[in-house]
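Please find one structure pasted underneath; my questions will follow.
The values are calculated or read from the model by the stated rules, or taken from the named source; none is laboratory data. Because the structure is predicted, anything quoted here is derived from the model rather than measured. Cβ sites come from the backbone with ideal geometry, for glycine too, and all protein chains shown count toward neighbours. Heavy atoms of the whole protein, side chains included, go into the accessibility calculation; ligands, DNA and RNA do not. Shrake-Rupley method; radii C 1.70, N 1.55, O 1.52, S 1.80 Å.
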Amino acid sequence: MAKELEGFVARLTALGGGSGDSQALYDDWAATYEDNLQQDYGYIAPRIAAEAFAAHAGDKNLAILDLGCGTGLVGQALAAHGFTQLDGLDISPGMLAEAEAKGIYARLLRGDMTKALDLDGRRYDGAIGVGCFGGGHVGPEHLAEIISSVRPGGLLVFYINGIPYDEDDYPAHFRSLEAEGVWRLETTVQSNYMQALERPGWVVVGYRS
Ligand SMILES: C[S@@+](CC[C@H](N)C(=O)[O-])C[C@H]1O[C@@H](n2cnc3c(N)ncnc32)[C@H](O)[C@@H]1O
């Protein structure tokens with residue numbers, strides 16, 4: 001029988017779609033986040049998204065922004081693919097402290113993806129955002145601002161939980177953004193991102209126009 005949702009994961013799932021505030025939850029969760037998600041649930045979204053990023057990016061020296069970097073699992077997965085220039089951004093100081101301890105990010109920025117991003121004038125070659133969309137996190141209305149974190153032609157890879165993906169109709173937002181000339185959607189591929197559960201999500205690849 002599939003594992004049932006408990007603790008922080010159950011609290012997060014109950015947040016549904018839209019945006020919202022989950023910073024306190026992540027500050028509380030930071031120290032046990034990785035053990036909880038990886039050992040208890042078999043969380044593999046960072047690995048799936050990093051594989052998609054690597055499949056679309058030949059140059060390992062691209063400057064990459066890890067959006068909603070959390071404790072740094074995505075940075076770790078990108079580093080395993082040979083990527084060397086990683087910055088991370090997150091709203092939770094507790095999660096950022098865990099990411100800092102990994103020593104794989106050149107810069108870690110505290111930032112809120114539901115607001116204008118302060119990147120010191122930088123535009124990255126690529127950005128990746130895993131698990132940071134959905135209720136209590138970031139809604140699709142913020143995608144245009146997020147996409148502007150990369151230079152024109154820059155690569156964007158998102159991993160989005162299937163619940164907010166459907167409830168907030170992300171595909172419709174992707175199409176609108178394409179029609180508005182904000183980006184070009186390349187692929188959307190579904191997968192199961194928690195090996196102990198039936199937990200569908202989507203890896204989304206696009207390029208800033
Ligand atoms: C499920 S975790 C994913 C962390 C990491 N990407 C991973 O896959 O392990 C979601 C992360 O998004 C961050 N987050 C939530 N809302 C945010 C916001 N408005 N701005 C920036 N980060 C946010 C949380 O603090 C948390 O670290």
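Any chance the range 97-109 includes a residue that's surrounded by fewer than 21 Cβ atoms within 10 Å (Cβ to Cβ), within 24 Å of Gly153 (Cβ to Cβ) and within 13 Å of the ligand (Cβ to nearest atom)?
Yes: the range 97-109 contains one or more residues that are surrounded by fewer than 21 Cβ atoms within 10 Å (Cβ to Cβ), within 24 Å of Gly153 (Cβ to Cβ) and within 13 Å of the ligand (Cβ to nearest atom).
Which is away from the ligand (no atom under 11 Å from the Cβ), acidic (Asp, Glu), over 14 Å from the mean Cα position of the chain (by Cα) and open to solvent by less than 40 Å² (accessible area, probe 1.4 Å), of Asp118, Asp168?
Details: Asp118 fails: open to solvent by less than 40 Å² (accessible area, probe 1.4 Å).
That would be Asp168, the only listed residue that is away from the ligand (no atom under 11 Å from the Cβ), acidic (Asp, Glu), over 14 Å from the mean Cα position of the chain (by Cα) and open to solvent by less than 40 Å² (accessible area, probe 1.4 Å).
Out of the range 125-145, which residues are free of Cβ contacts under 8 Å to residues at least 60 places away in the same chain and acidic (Asp, Glu)?
If the condition is that a residue be free of Cβ contacts under 8 Å to residues at least 60 places away in the same chain and acidic (Asp, Glu), then Glu145 is the only one that fits.
Within 12 Å of the ligand (Cβ to nearest atom), of a type in the set (Val, Ile, Thr) and not in a loop (DSSP other than H, G, I, E, B) - does that describe any residue in the range 178-193?
Of the range 178-193, the ones within 12 Å of the ligand (Cβ to nearest atom) are 193.
Subset that is of a type in the set (Val, Ile, Thr): none.
So far as the range 178-193 goes, no, none of its residues is within 12 Å of the ligand (Cβ to nearest atom), of a type in the set (Val, Ile, Thr) and not in a loop (DSSP other than H, G, I, E, B).
Further, regarding this structure: If I ask for residues that are open to solvent by less than 20 Å² (accessible area, probe 1.4 Å) and either touching a Leu at 6+ places or on another chain (Cβ under 7 Å) or away from the ligand (no atom under 12 Å from the Cβ) (or both), which ones from the range 26-53 would you list? Steps first, answer last, please.
Of the range 26-53, the ones open to solvent by less than 20 Å² (accessible area, probe 1.4 Å) are 29-30, 37, 41-42, 45-46, 49-50, 52-53.
Matches in the range 26-53: Tyr41, Gly42, Pro46, Ala50, Ala52, Phe53.
I would also like to ask the following. Looking at (1) within 12 Å of the ligand (Cβ to nearest atom); (2) touching a strand residue (DSSP E or B) at 6+ places or on another chain (Cβ under 7 Å); (3) in a loop (DSSP other than H, G, I, E, B), which one does Val74 not meet, given that it meets all the others?
Failed condition: (3).
If Ala196 satisfies all but one of (1) over 14 Å from the mean Cα position of the chain (by Cα); (2) open to solvent by less than 10 Å² (accessible area, probe 1.4 Å); (3) modelled with pLDDT under 95, what's the number of the condition it fails?
Checking Ala196 against (1) over 14 Å from the mean Cα position of the chain (by Cα); (2) open to solvent by less than 10 Å² (accessible area, probe 1.4 Å); (3) modelled with pLDDT under 95, the one that fails is (2).
Now for a separate question. Out of Arg175, Arg151, report the one residue that is part of a helix (DSSP H, G or I), open to solvent by 30 Å² or more (accessible area, probe 1.4 Å) and at pLDDT 95 or above.
Working: Arg151 fails: part of a helix (DSSP H, G or I).
Criteria check complete, one pass: Arg175.
Further, regarding this structure: Are any residues in the range 80-102 of a type in the set (Gly, Ala, Ser) and over 16 Å from the mean Cα position of the chain (by Cα), and if so, which ones? Show your work before the answer.
So the first thing to find is which residues in the range 80-102 are of a type in the set (Gly, Ala, Ser), and the list is 80, 82, 88, 92, 94, 97, 99, 101.
Of everything in the range 80-102, those that are of a type in the set (Gly, Ala, Ser) and over 16 Å from the mean Cα position of the chain (by Cα) turn out to be Ala80, Gly82, Gly94, Ala97, Ala101.
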